[in-house]
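The values are calculated or read from the model by the stated rules, or taken from the named source; none is laboratory data. Owing to the predicted nature of the structure, the values given are computational and were not obtained by experimental measurement. In this analysis, Cβ positions are derived from the backbone assuming ideal geometry, glycine residues included, and neighbour counts consider all displayed protein chains.
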Amino acid sequence: QLAAVTQNKYAIQYIKDPTEKIQLIVVQQDGYMIRYIKNPSEKVQLAAVKQNKWAINCISCASEETKLNVVKQDVDMIKYIKNPSEEIQLIVIQQDASLIQYFNCIFKKVCLAMIHQDKYAIRHFKNPSEEVQLASVKQDSHTISYIENPSEKVQLTAVKQNGSIIKYIKNPSEKVQLAAVKQNSWVIQYISCASKEVQLAAIKQNGKIIRCIKNPSEMMKLIAVKQNGSVIKYIKNPSEEIQLASLWKIKARKYIKIKRKLPFIYYEWEHDEISSETYFKKNLKNKTKKYLNININYI
């Protein structure tokens, strides 16, 4: 056998059950010769891939050590390795993260390592676990746009960092909506079906939000003008109660059309006699009650 393979390496294919020594002599000459050996031992496999890394394609059941040896020689060889282990995947992504596309099943530890390297890596993952999703949005909240059906916990983590992220979330829950508007009241414009509670939460933070709300209730208008008197300019046909609520806000003066039934307020305001909310309360509250049939105890 030894004389035969020494003279011609192809003789190995005609030898029935060649010894491991014979197998080693042959593959050390040409790694590809392993294709003629049935069930080669790990020692023979290693000898073959060391002689020629491409010999991995001829090994149907390569050992873990053989696979490791090949990727350490060249990470691109991952393309030819089926079901790479977690250790192999980690070695590969540390050198070239783009090769993750050749992993048919990605381990959680590998996913987390990838996200640490590249915050947008989650776009390569199919059905990532909640832990992986959270790691991704903590790195960058915008990555939620690459996650299909993120959990509520993931959504909350994202919008608490950046409320505008809610525009990437389909049908966010009221809890998520509230968290988003608390972080940034203007994101109310991205919420198609905001509840009254969400609308109120946004207005309480920023009265100008009233301009983004269709058909706001009287209560919403009141809260808005109390928060910022100047927003009365965004309210169509404000009631006398709304006008009164915003009157003492200095910035609101030019936006209020004083009706004839309140001439004393107009006069005193124009002559800077109304200098503070306190003055308004003490000196005008009783007078106003005579002219308006409204409740102004909220002032």
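Taking Gln7 and the conditions (1) surrounded by fewer than 21 Cβ atoms within 10 Å (Cβ to Cβ); (2) within 48 Å of the chain's Cα centre (by Cα), which numbered condition does it fall short on, given that it satisfies the others?
(2)
How many of the residues making up the stretch 144-184 are under 18 Å from Ile115 (Cβ atoms) and out of contact with any Asp or Glu (no Cβ under 8 Å at 6 or more places or on another chain)?
Summing the residues that are under 18 Å from Ile115 (Cβ atoms) and out of contact with any Asp or Glu (no Cβ under 8 Å at 6 or more places or on another chain) in the stretch 144-184 gives 13.
So is Gln101 surrounded by 15 or more Cβ atoms within 10 Å (Cβ to Cβ) and among the polar types (S, T, N, Q) or not?
No.
Filtering the stretch 229-250 down to residues that are crowded, with 20+ Cβ neighbours inside 10 Å, within 42 Å of the chain's Cα centre (by Cα) and part of a loop (DSSP other than H, G, I, E, B), which residue is modelled with the highest pLDDT?
Checking each candidate, the answer is Pro238.
Can you tell me which residues in the stretch 31-63 are touching a residue at least 12 places away in the same chain (Cβ under 8 Å) and not in a helix (DSSP H, G or I)?
Ile37, Asn39, Pro40, Ser41, Asn52, Ile59, Cys61, Ala62, Ser63
Give me a count of the residues in the stretch 135-144 that are surrounded by 18 or more Cβ atoms within 10 Å (Cβ to Cβ) and more than 16 Å from Val110 (Cβ to Cβ).
Matching residues across the stretch 135-144 total 4.
Could you tell me whether any residue of the stretch 68-88 is aromatic (Phe, Trp, Tyr), without any contact (Cβ under 8 Å) to a residue 24 or more places away in the chain and surrounded by fewer than 19 Cβ atoms within 10 Å (Cβ to Cβ)?
The answer is no; no qualifying residue exists.
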